[in-house]
Each structure stands twice: as structure tokens, then as C-alpha cells.
Amino acid sequence: MDDTSFQERFQRIAPRADFCSLRLVEERSQHVSVRQNIVQPVTSSEDRGAMLTVVDGGGLGYAATGDLSQEGLHQAAEHARAWAKRSAGHSVLDFSRLQLASPSGAYTTPVARPWASVPLGEKIDLLRRVCERLKTDGRIVDWEASLFYSEHETLYLTAEGGRTQQRLISLVPMLSATANAGSDTQIRTFGGRGFCRQGGLEVLDQTGFQAAAPRIAAEALQLLDAPNCPQDRMDVLLAPDQMMLQIHESIGHPLELDRILGDERNYAGTSFVTPDMFGSYRYGSDLLNITFDPTRVEEFASYGFDDDGQPAQRAYLIRHGVLQRGLGGLTSQARSGLPGVANSRAQSWNRPPIDRMANLNLEPGESSFEEMVAAVECGVYMQTNTSWSIDDSRNKFQFGCEWGRLIENGRLTSVVKNPNYRGVSATFWRNLKMVGNQLQVLGTPYCGKGEPNQVIRVGHAAPTCLFGEVEVFGGASA
């Protein structure tokens with residue numbers, strides 16, 4: 001990214017206005033996959049463009065362009081200024097009230113083993129070996145190993161001289177094995193796509209990617225012979241790769257301030273959380289501690305500044321079970337009068353930033369896995385989300401997992417298939433009984449929101465957690 005010449009170009013075209021910023025984004029990605037021991041076509045992509053934002057007379061306008069010449073940027077700036085004038089006096093907020101920063105700084109993902117340091121042929125050979133280890137039995141009817149690598153570079157400039165530059169590098173390792181017998185088909189994966197992290201090829205060692213294939217295949221076969229999960233109200237022990245979705249859907253989305261303000265009502269929905277709850281609402285038991293933490297370098301959605309130029313900082317959203325603050329950037333904070341975080345993020349150069357989760361983590365507790373199992377008289381241990389359904393206020397939910405194991409009288413016993421559970425966000429977290437002491441770093445590449453839709457990366461770190469009085473059911477009922 002030639003930022004010096006670009007900065008000069010921006011200074012020449014920035015219009016006279018109360019505020020003007022430019023966000024230049026470059027993205028590169030590559031997907032390498034081997035399915036059923038056959039190398040799939042390697043796909044690569046590159047994308048580059050800029051968005052200009054203008055605040056003038058209380059209005060705000062923005063315009064994006066892939067034409068990065070001086071003339072192209074000038075036209076985009078004039079479009080943004082024209083929209084700012086049109087919107088003045090007609091928006092939900094007088095944007096002259098915003099304290100827009102002129103930040104300075106840089107952030108780069110630490111990388112120990114760069115993607116480019118290993119030739120493509122060696123990466124394919126690695127995936128071939130891993131893929132072959134998934135095909136352990138004739139009942140494994142589909143199997144795949146793949147890697148998705150991406151680089152995301154951003155240069156943020158303001159007419160007043162603000163400048164930040166960021167380079168985010170991430171890797172998503174994926175494995176799956178599909179087993180079939182008669183009319184029954186069962187799938188086990190490598191935490192869904194959950195073992196995604198920022199970093200280079202060292203992520204494969206950190207997540208145990210190469211060693212996981214035989215276990216995944218064996219567990220897919222176990223499920224074919226397993227009975228359905230029983231139906232009852234009981235304890236549920238959730239592994240981190242299911243806790244990830246539980247946090248995402250029933251804490252992350254409900255706490256987005258733009259959703260609480262009604263912006264997402266027509267598309268992604270509203271929230272059962274209302275503004276008066278912040279500071280006093282009992283969201284969960286005393287064991288529930290949720291942090292927004294984009295500063296944890298290995299997590300999938302780490303950064304130094306959000307797309308409004310606000311510096312990233314760790315903050316508690318829920319502390320000892322009590323709701324503290326929401327997930328809202330500068331604009332939502334000004335509109336609601338509530339405390340928020342630096343989470344104004346855009347999918348790419350051609351989308352405006354909106355309130356997004358980034359890294360949302362459940363802080364570890366003091367219990368070992370063995371202690372939590374021993375505390376259960378009758379329950380189910382569930383791993384890896386496979387299905388989800390939640391109402392548009394993010395309150396009532398129903399989640400299904402790939403793999404389950406009964407817990408009887410303090411011991412893990414038989415494997416069960418199709419484990420599902422349902423609950424209500426407002427009461428589910430109050431039944432959090434024990435929190436594990438081992439944090440696992442996970443995430444998802446595909447969190448959707450906004451009109452037009454924006455798909456963005458989100459990180460979730462969580463330990464195994466034990467919940468009481470949960471309604472559990474299996475594949476025989478719904």
C-alpha cells in the first residue's frame with residue numbers, strides 16, 4: 001500500500017467541510033482445498049477501493065469508489081459532501097455533535113510463519129495428507145480439508161492530519177467428515193469454522209489441525225451407532241466451540257446499540273435489552289463476565305483502531321452478571337447517551353461502518369473440566385454447533401450440536417447424537433453454575449448484519465461452562 005502518494009492525493013481533493021475522512025482498503029485472499037483426496041481449484045481474490053466520509057452543517061454523507069485516481073477520489077468526495085448537505089437537519093443525529101478524532105498509529109497482526117513462506121505445492125501436500133487421514137472407513141462418504149487465508153490492509157486519513165494504518169492477517173483451517181449408514185447421516189467438523197485466528201501458518205500448530213483428522217472421523221462414525229439425545233430438563237455442559245455461538249447470539253447481538261435503537265428492526269431484528277437496563281440489569285449469575293477485547297492479538301477480530309479511527313480498548317460489557325455497557329461505536333453512543341466501545345466496523349471499502357462485535361469473550365472461571373463433570377448427576381456434554389434458531393429480539397433460542405455425551409452420576413458415559421437444547425436468553429445465563437479455567441480462542445468468519453448486508457469476522461474466546469435446568473431434546477423431537 002503506497003500510502004505516501006495516496007495521502008498527498010487525499011489532501012488535494014478533501015473538500016472544505018467540518019470533517020472529512022478517507023478509508024482505503026486492500027484485501028487479498030486464497031482458498032486451498034482437498035476434498036475426497038482430490039485437489040480442488042485454488043481460488044484467489046484481490047480487492048481495493050476507498051470510502052470518503054464528509055460531515056458538514058450537521059449532516060453526514062459518504063461515497064465509495066474503486067477509482068483511486070485523483071479525479072476518482074475528487075468525485076467521491078463531492079458525492080459525500082452533497083449527501084451531507086442533503087441529510088443536514090433530517091438525520092437521527094446532528095453529526096456536528098460527534099467528537100470525530102484525528103488518530104495516529106499503526107497495528108499489524110504478529111505472524112511467526114508467513115503464508116507466502118511456504119510454496120503452494122507444499123500447502124496442497126499438507127492438505128492431501130490430512131484429507132487422507134479423514135477417510136478411515138467405508139461409511140465416511142465425504143471428507144475435506146481446507147485453508148482460507150486473508151490479508152486486510154486499511155489506511156485511514158482525516159483532512160486534519162489524522163492517519164492510522166493497519167494490516168490484519170488471518171487463517172481459517174477447516175476439516176469435515178460425513179458418515180452415512182442407511183438413512184442416517186452424521187457430520188463432525190473441526191469446530192465448524194471456529195478455529196479461525198489472526199496469524200500465519202503457526203495457527204495450524206496452535207489449533208492442532210494436523211492431528212485432529214482421525215478423531216473427527218472416529219466421532220462421525222460413533223454418531224452413526226449412537227442413540228438420540230434424551231429429552232428432559234437437566235444440566236448441560238457446553239464446550240467452547242458451542243459456547244462461541246451461545247455468546248454470539250444471546251449476548252453479542254442483543255447488546256448492539258444500533259439494534260437496541262431500532263436500526264436493524266427490518267432485517268436482523270431488535271433486542272430484548274432496553275436502554276434503561278444498562279448499569280443494573282441482572283444478565284447472568286455472578287460467574288458471568290463478558291469482555292469486549294480487540295487487543296488480544298491472536299483472536300480473529302483484533303485491531304488497533306475501529307473504522308471511525310477510535311482506539312481499541314478492552315472493556316467489560318457484563319461484570320459479575322450485571323450489564324455494564326453496550327456494543328456501540330461513536331455514533332450509537334451519541335444517539336443513545338450510553339457508554340459503548342470502539343466497534344464501528346465495515347466489511348470493506350464499499351460499506352459504511354456500523355456497530356459490530358469484534359472479539360467478545362467469556363472470561364475464565366476457577367473450575368477444571370473434571371470438577372464440572374463430577375458436579376453433574378444427570379446431564380449432557382455438547383460440542384460444536386450445527387444448527388441455530390433465535391427470535392428477532394435475540395431472546396428465545398434453540399441450538400443443536402454435532403456431538404453429545406451423557407453425564408451420569410459425575411461421569412462421562414455414552415455418546416448421543418443430535419443433542420439440542422432451548423432456552424430464553426434473559427434467564428438462561430442466570431443458570432450458569434460453573435465456569436471452566438481453560439480459555440479456548442475461537443471465532444467465526446461469517447457474522448451478517450446491515451442493509452446492504454455486511455459479513456464480518458468475529459472472535460469469541462470462552463471456556464467450557466455448566467448450566468442448570470436446561471430443556472434438552474434429541475433428534476426424535478423438536
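A short reminder: the numbers here are calculations on the coordinates, not readings from a lab. Note that the structure is predicted; figures quoted are calculated from it, not measured. Neighbour counts run over all protein chains shown; Cβ positions are idealised from the backbone, glycine included.
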Highest to lowest packing among 148-161, 343-356, scored as the average C-beta count within 10 Å: 343-356, 148-161
What length, rounded to one decimal in nm, is gained on full extension from Arg167 through to Asp67, with 0.36 nm per residue of separation minus their alpha-carbon distance? 33.8 nm
In whole percent, what relative contact order does region 115-180 give with Cα contacts below 8 Å and a gap of six or more residues? 35 percent
Going by average Cβ density within 10 Å per residue, which order do the peptides 316-323, 293-300 take, highest to lowest? 293-300, 316-323
Computed over the chain: relative contact order in percent, which uses C-alpha pairs under 8 Å that are six or more apart: 16 percent
Of 162-173, 254-265, ordering from highest average Cβ density within 10 Å down gives 254-265, 162-173
Give me, ordered by chain and number, the residues 5 or more places off Trp403 or on other chains with an amide H under 5 Å from its own placed amide H. Gln383
Where both partners of a DSSP beta bridge lie in the chain, what percent of those bridges are antiparallel, to the nearest 5? 90 percent
In range of the label at Ser29: residues from region 455-477 whose backbone nitrogen is under 18 Å from the point 7 Å along Cα→Cβ: 455-460
Stokes-Einstein D for region 1-117, Kirkwood Rh over Cα pairs, 4 °C, 1.567 mPa s (µm²/s): 76 µm²/s
Beyond 13 Å, what share of the Cα-Cα pairs of region 71-125 remains, rounded to the nearest whole percent? 78 percent
Quick one: Debye curve from the alpha-carbon atoms of region 220-359 only, equal weights, vacuum; give me log10 I(q)/I(0) at q = 0.14 Å⁻¹ to two decimals. -0.71
For region 205-262, the convex hull over Cα atoms projects on average to an area in nm² of 7.3 nm²
Can you pull the one-decimal nm distance between simple spin-label points at Val39 and Gln231, each 7 Å off the Cα toward Cβ? 5.0 nm
Any residue on another chain or 5+ positions along whose placed amide H is under 5 Å from the amide H of Leu201 is listed here as Arg113, Trp115
With Rg from the Cα atoms and Rh as the Kirkwood inverse mean 1/r over Cα pairs, region 383-475 has an Rg/Rh of 0.99
The ³J(HN,Hα) series, computed from each phi in region 244-255 with the Karplus coefficients 6.51, -1.76 and 1.60 at θ = phi - 60°, rounded to the nearest Hz and given as x for glycine or proline, is 3, 6, 4, 5, 4, 7, 9, 10, x, 4, x, 8
Quick one: net charge around Gly410, please, counting Lys, Arg +1 and Asp, Glu -1 for every other residue with C-beta under 13 Å from its C-beta. -4
Kindly state, to the nearest 0.05, the FRET efficiency for Ser280 paired with Val424, given R0 = 30 Å and r defined as their beta-carbon distance. 0.95
Using modelled backbone amide H atoms (1.01 Å from N, in-plane), which distant-in-sequence or interchain residues come within less than 5 Å of Gln440's amide H? Ala462
Take Trp388, project a point 7 Å from its Cα along the Cβ direction, then tell me which residues of region 198-238 have their backbone nitrogen under 18 Å from it. 237-238
Mind listing the phi-derived Karplus ³J(HN,Hα) values for region 83-92, rounded to whole Hz, using 6.51, -1.76 and 1.60 with θ = phi - 60°, and x for any glycine or proline? 5, 4, 5, 5, 7, 4, x, 10, 8, 6
How large is Rg/Rh for region 51-148, to two decimals, with Cα atoms and a Kirkwood Rh? 1.34
May I ask for the percentage of alpha-carbon pairs in region 127-209 that lie more than 20 Å from each other? 50 percent
Roughly how many Å is it from the Cα centre of region 408-470 to that of region 242-282, as a whole number? 16 Å
If one puts a single equal scatterer on every Cα of the chain and applies the Debye formula without solvent, what log₁₀ I(q)/I(0) results at q = 0.10 Å⁻¹? -0.79
Using θ = phi - 60° and the Karplus curve 6.51 cos²θ - 1.76 cosθ + 1.60, what whole-Hz ³J(HN,Hα) does each residue of region 143-151 get, with Gly and Pro shown as x? 7, 7, 10, 8, 9, 10, 10, 8, 10
What does the extension gain come out to for Asn180 and Glu366, with contour length at 0.36 nm per residue minus their alpha carbon separation? 63.0 nm
Of the convex hull drawn through the C-alpha atoms of region 281-433, the volume per residue in Å³ is 146 Å³
